[in-house]
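Everything below concerns the one structure shown next.
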Amino acid sequence: MKTAYYYICILLLCASCQPDRLNTALELAGENRAELEKVLAHYEGDEEGYLAARFLIENMPRWYSYSNAMFDSVRPLLEKAADEFYISPKEVEPWKNVSFYTGEKAYDVQTIQAEYLIENIDWALKAYHEKPWNKHLPFADFCEYILPYRIYDEPLSDWREKYYTRYTHLLDSLYPGGTDIIEASRIIATSLERDSFLYLTDIATHHQPADFILDHHVGYCREYCDAAIYALRACGIPVATDAIVYSPEYQHGHSWSVVRDTTGRFVSFALYEYMPSRKRAAKDSRKRGKVFRACYGRQAEPIAGITRDKDVPALFRDRYRRDVTHEYYGENEVSLPVAQTEEKYVYLGVFSPEGWVPIDMAQPQRGKVTFRDLEPQVIYQAFCQTGYTQRHVDYPFLHLGDSIHRFVPSKETERVTLRRKMGLFRIFPYFLHDSIIGARIEGSRDKDFLHPILLHEFQDTLHTNYCEFTMPDTLEKLRYVRFVSPPQKNIEISGLAFYEDAEMQRQLPLKRMNTLPSHPHSEEYDAITDNNILTYFESFDKDCFIAYDMSELKKIRKIVFNPRNDDNFVWPGDEYELFYNDGAAGWKSLGRQVADERRYVEYEVPRNALLWLRDRTKGREEQVFFIRDGKQVFVTDLPRAKLIGE
């Protein structure tokens with residue numbers, strides 16, 4: 001029965017592949033052809049092994065690493081950073097603008113050795129057959145989610161046995177005889193989390209080698225996913241990485257891990273964020289728009305001919321990623337009217353200040369274009385693109401799930417007050433609420449604060465990153481001041497300053513009196529008093545305080561306080577320009593103005609328009625929004641915000 005099962009798998013897989021792909025790969029191998037033929041010969045008579053080898057070799061022409069020594073040069077610094085869980089700005093600086101994507105590409109098909117490939121196949125098959133949860137795993141899914149010897153462009157290394165030894169031993173001790181693939185994944189993910197990762201994005205290497213990641217945890221979400229892939233695949237757990245190209249709300253990509261359950265469903269998890277679980281649709285709060293899964297095997301073209309069309313953005317020409325948005329948001333479709341256009345394709349994008357980032361494409365037919373499987377509660381724009389020039393084909397719209405709302409500007413206008421140019425993404429409301437309410441600023445004449453005087457207590461959510469508090473003229477002179485955390489909370493602030501006069505011309509000197517376990521490291525204490533609104537101090541301790549000595553008794557008339565923030569509030573002295581989207585006519589300016597000390601700008605805007613506030617003075621983080629009940633609504637606020645008709 002087992003032999004018959006594998007025979008059927010082989011027939012199905014061979015029937016689905018192009019017969020010349022294997023020959024094409026062997027021809028591209030050139031002088032390395034003999035190594036690949038050794039692998040195929042090694043598995044003659046072994047149906048599983050031969051099919052696995054063929055899958056890897058047929059898809060191998062796509063895969064490569066860079067033949068340069070850049071990673072070897074930075075590796076000692078990354079090892080030190082991971083071991084000490086810290087890297088100083090001075091050490092990072094020389095590497096900030098270094099490109100690791102230089103040099104010749106060393107293609108696997110021309111360089112890989114038979115011994116290396118055979119060892120990977122054997123260890124993958126061993127893990128596949130050992131684990132009870134793979135009893136009904138289709139062989140095609142084994143090939144895609146357990147078998148691959150590489151992830152992307154990392155230098156190749158011997159990793160299968162090393163990861164197998166470390167993490168299978170862990171399962172044997174904590175989950176002996178276990179049959180639940182999700183529980184096994186949770187145990188391994190928990191172990192990976194126990195070895196803390198140093199989050200670092202300033203040194204942007206290519207993917208790190210597997211043997212390096214095993215012992216040195218430094219990087220960002222990509223490295224989290226890579227570590228999970230190596231550990232889980234080595235233990236026979238089918239796993240992949242899902243990703244967004246560009247978030248509809250915070251201007252970055254992101255990736256996370258997914259495990260294939262025995263039911264065929266993919267269960268997501270992200271190290272340091274959430275564990276794999278069947279009980280809930282675990283995911284973070286990021287908007288995604290479209291989700292793509294990284295694959296080793298070549299995927300079918302969604303539209304015939306786009307792979308070789310150099311005018312099509314690279315995302316859609318990449319045959320080694322798969323659109324899996326429907327797994328997250330179900331199947332849906334949106335149809336839009338389009339005027340006659342000579343372009344073959346219409347793209348769907350999410351906003352960025354540099355232009356709409358295409359995340360989907362379709363072919364217009366009979367005066368309309370249809371996009372499928374989109375995340376609801378996201379604002380999209382359909383456009384045609386020639387080179388770097390984009391032309392809107394309709395008004396932007398908000399996808400509501402079962403319908404859409406088009407932002408067609410009305411002839412009616414309304415006066416609005418704008419306080420931000422970017423939504424408050426995820427964690428930032430915490431800095432204005434949870435880490436603030438209950439906090440106190442106190443003064444004292446004695447350094448032990450035996451008789452503290454309350455200068456200010458935060459009782460409500462802050463609505464700005466800049467707060468001024470005027471002290472009564474009757475306040476007695478003080479020498480010592482301190483910021484006290486809210487109950488059961490830590491300290492997380494950007495700035496604190498005291499002035500001897502109400503006009504804030506005479507700032508009082510502050511000498512720090514105590515230390516706290518902190519993150520980042522202790523030199524960040526200076527962030528509180530450096531008058532830089534983007535630097536901040538974060539304590540590890542809760543129920544704590546940080547105190548200062550002003551050197552002598554002083555009169556305090558004004559206090560300025562800054563919570564940790566993103567500096568996307570309207571700032572005095574900056575020049576702003578507001579635009580509204582007029583569909584095919586593009587963005588239209590509503591004028592420029594310089595913000596004053598009130599820390600907001602006012603405009604007359606068309607009702608039901610999609611708006612974009614630009615800071616012409618500084619910064620790059622900006623996001624589109626609309627107005628409801630006189631307030632700005634960013635995609636970050638959805639679906640909580642009130643919409644038309646509600």
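None of the figures in this text is laboratory data; all of them are computed from the coordinates on show. From a predicted model like this one, the values you see are computed outputs, not experimental measurements. Glycine also receives a Cβ, built like all others from the backbone with ideal geometry; neighbour counts cover every protein chain displayed.
Observations on the structure shown:
- Sorted peptide list for 608-617, 166-175, 291-300, criterion being average Cβ within 10 angstrom, highest first: 608-617, 291-300, 166-175
- The stretch 2-294 shape via C-alpha gyration tensor axes, a/c threshold 1.5: oblate
- The stretch 428-563 shape via C-alpha gyration tensor axes, a/c threshold 1.5: rounded
- Gyration tensor verdict on the stretch 69-193 (Cα atoms; rounded if a/c is under 1.5, prolate if a/b is larger than b/c, oblate otherwise): oblate
- Spin-label pair Tyr199-Asp215: with each label point 7 Å from Cα along the Cα-Cβ axis, the two points sit 2.7 nm from one another.
- Here is how the number arises for the chain: DSSP H runs of 4 or more residues each give -39500 (n - 2.57), the sum is divided by the residue count, and the result at 222 nm is -7000 deg cm²/dmol.
- Computed from the Cβ-Cβ distance with R0 of 25 Å, the FRET efficiency linking Arg308 to Leu400 stands at 0.10.
- Ranked Ser88, Ser157, criterion: other C-beta atoms within 10 Å, fewest first: Ser88, Ser157
- When the listed pairs Lys105/Lys131; Lys90/Lys162; Lys447/Lys558 are checked against a 26 Å cut-off, the alpha-carbon distance exceeds it for Lys105/Lys131; Lys90/Lys162.
- Within the stretch 331-365, backbone nitrogen closer than 11 Å to the virtual label 7 Å beyond the Cα of Arg391 toward Cβ: 339-344
- Cα-centred dipole magnitude for the stretch 428-563, charges only on beta-carbon of K, R (+1) and D, E (-1), debye, nearest 20: 360
- Taking the number of Cβ atoms within 10 Å of each Cβ as an exposure proxy, the fewest-first ranking of Cys235, Cys221 is Cys221, Cys235.
- Loop sites in the stretch 42-109: GluC sites (Glu not before Pro), DSSP, at most 16 other Cβ within 10 Å: Glu44, Glu104
- With neighbours defined as other Cβ atoms within 10 Å of a residue's Cβ, the residues Thr515, Thr636, Thr464 order from fewest to most as Thr515, Thr464, Thr636.
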